[in-house]
1. Where the second residue is within 11 Å of the ligand (Cβ to nearest atom) and small (Gly, Ala, Ser) and the first is free of Cβ contacts under 8 Å to residues at least 60 places away in the same chain and within 11 Å of Pro102 (Cβ to Cβ) and lies in segment 45-71, which pairs have Cβ atoms under 8 Å and are six or more apart or on separate chains?
2. Go through (1) under 30 Å from Gly121 (Cα atoms); (2) out of contact with any Lys or Arg (no Cβ under 6 Å at 6 or more places or on another chain); (3) not basic (Lys, Arg) for Thr53 and report which single condition fails.
3. From (1) within 11 Å of the chain's Cα centre (by Cα); (2) of a type outside the set (S, T, N, Q); (3) within 14 Å of the ligand (Cβ to nearest atom), pick out the condition that doesn't hold for His47.
4. Mind checking which strands (runs of 3 or more DSSP E) fall wholly inside segment 1-116 and carry at least 1 residues that are over 23 Å from Ala168 (Cα atoms)?
5. Scan segment 50-73 residue by residue and report those that are modelled with pLDDT under 95 and away from the ligand (no atom under 15 Å from the Cβ).
6. If you go through segment 74-103 one residue at a time, how many are touching a residue at least 12 places away in the same chain (Cβ under 8 Å), more than 13 Å from the ligand (Cβ to nearest atom) and among the charged types (D, E, K, R)?
7. Scan segment 93-114 and give yes if some residue there is surrounded by 20 or more Cβ atoms within 10 Å (Cβ to Cβ) and touching a His at 6+ places or on another chain (Cβ under 6 Å), otherwise no.
Amino acid sequence: MSVALFEPYTLRSLTVPNRVWMAPMCQYSAETSGPNAGVPHDWHFAHYAARATGGAGLILVEATAVSPEGRISPADLGLWNDTQVRAMRRITGFLKEHGTVPGIQIGHAGRKASTKRPWHGRARPTPPRAGSPSPQPGPVRRGPPRPHRADRGTDPGDHRPVRGRGPARPGGRFRGP
Ligand SMILES: Cc1cc2nc3c(=O)[nH]c(=O)nc-3n(C[C@H](O)[C@H](O)[C@H](O)COP(=O)(O)O)c2cc1C
């Protein structure tokens, strides 16, 4: 049987130089609030750059939220503003320079949004207003985390994050470097 691990893999117009691919893995290491909330910083750069210089053919950047309310934890990466896009381009640019195909997992955590970082007690939601409460269509009684309920009469604008906004929205401006 031939070993294809180090042979290229082509999917439509995309060719990945080998089959050593990195799954998306949340680092829960971004700033949680302020102008740098959700912005990849040196930790993220070093984390992904190290795997690229190690020869990974494709790296899927961790779950990255399309809106503050859609973060799994407040320390997640985001792509809802240009500061985040610029910082992400530093990473994707480095990956490309080293022959690694950059990918990303764009996400909205839905009713599972707004939990604490795993090492702070993942099953517990952040208190409303202290983190990034995500409105839900109604009460869900099973299983943690208990969602923050969107009551009848909630501003319909509260549901916009589910569709995403800013650079990461469908058809948005984030297309890598
Ligand atoms: C620290 C850590 C963070 C993870 N974060 C994510 C994530 O952001 N998105 C995701 O879909 N899966 C995430 N996972 C799951 C991994 O992507 C992967 O599916 C899992 O580790 C199983 O890998 P395997 O299928 O190669 O056995 C995470 C796993 C770990 C260990």
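1. Leu60/Ala23
2. (1)
3. (1)
4. On the way: elements: 9-11, 14-16, 58-65, 101-107.
It comes to 9-11, 14-16.
5. Ser67, Pro68, Glu69
6. The total comes to 4.
7. No, segment 93-114 contains no residue that is surrounded by 20 or more Cβ atoms within 10 Å (Cβ to Cβ) and touching a His at 6+ places or on another chain (Cβ under 6 Å).
The rows are residues; the columns are (1) closer than 18 Å to Ile106 by Cβ; (2) surrounded by 14 or more Cβ atoms within 10 Å (Cβ to Cβ); (3) in contact with a helix residue (DSSP H, G or I) (Cβ under 6 Å, 6 or more places away or on another chain).
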{"site": "Phe6", "(1), (2), (3)": "no, no, no"}
{"site": "Thr10", "(1), (2), (3)": "no, no, no"}
{"site": "Asn18", "(1), (2), (3)": "no, yes, no"}
{"site": "Pro24", "(1), (2), (3)": "yes, yes, no"}
{"site": "Ala30", "(1), (2), (3)": "yes, yes, no"}
{"site": "Val39", "(1), (2), (3)": "yes, yes, yes"}
{"site": "His44", "(1), (2), (3)": "yes, yes, no"}
{"site": "Gly54", "(1), (2), (3)": "no, no, no"}
{"site": "Val61", "(1), (2), (3)": "yes, yes, no"}
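The values are calculated or read from the model by the stated rules, or taken from the named source; none is laboratory data. Computed from a predicted structure; not experimentally measured. In this analysis, Cβ positions are derived from the backbone assuming ideal geometry, glycine residues included, and neighbour counts consider all displayed protein chains.
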